[in-house]
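The values are calculated or read from the model by the stated rules, or taken from the named source; none is laboratory data. Every value quoted in this text rests on a predicted model; they were computed, and no experiment measured them. Counting neighbours? That spans all protein chains shown, and the Cβs are built from the backbone with ideal geometry, glycine included.
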Amino acid sequence: MKLIVALIDFSEVTSDLVTLAGQMARATGARLILLHVAMPDADFVDGHERQDASRRGIAVDLKRRHRDLEILQMEFKKLGVDATALMVRGDSVRGNPLEKIVEEVDRLAPDLIMMGTHGRGRLYQLLVGSVTNTVVRRVRRPTLLIPSPHVHG
């Protein structure tokens, strides 16, 4: 395995996802890309209405997420993992990063994609859709799904 892409959304599953991705990258000698799709034009972020939609509020949020990605990258490098933080801009005003995720995965061509699941239920998936399910169907690459700590079996 040469390249792992971990899709980071800063949700409750991110900690487990990042830990496992780092362990897999270290064990296999793979390069690790921590990919976050920023949605500066979205009214909703992470399934919630944006708290501060002012230009300043959005800039503060983007800087915080970029800093958090860089901190993760530095921590992995300390552990001997070749990690790269990558924050790209998504264009969906509805806050759906799907198209940008698919575009970046196609461009990066990883051997493995790792992403979290949120376990929101069938009604939510029917009405809104699931980014996870759609990514798995569209990217046609091995994908390891990490369940939210709030999803019970």
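Annotations
- Output for segment 1-18, where each listed residue is polar (S, T, N, Q) and modelled with pLDDT of 95 or more: none
- Segment 102-153, residues that are at pLDDT below 90 and of a type in the set (Gly, Ala, Ser): Gly116, Gly119, Gly121, Gly129, Ser130, Ser148, Gly153
- Pairs, first within 17 Å of Ala85 (Cα to Cα) in segment 18-30, second among the charged types (D, E, K, R) and buried (at least 16 other Cβ atoms within 10 Å of the Cβ), C-beta under 9 Å, six or more apart: Ala25/Arg31
- From the options Arg89, Arg94, residue that is loosely packed, with under 15 Cβ neighbours inside 10 Å and modelled with pLDDT under 75: Arg94
- Hits in segment 10-22 - residues which are surrounded by 21 or more Cβ atoms within 10 Å (Cβ to Cβ) and assigned to a loop (DSSP other than H, G, I, E, B): Val13
- Cβ-Cβ under 7 Å pairs, at least 6 apart or on other chains, segment 63-88 side in contact (Cβ under 8 Å) with a residue 12 or more places away in the chain, far side surrounded by 12 or more Cβ atoms within 10 Å (Cβ to Cβ) and of a type in the set (Val, Ile, Thr): Leu69/Ile8; Leu72/Val18; Gln73/Thr84; Thr84/Ile33; Leu86/Ile33; Val88/Val37
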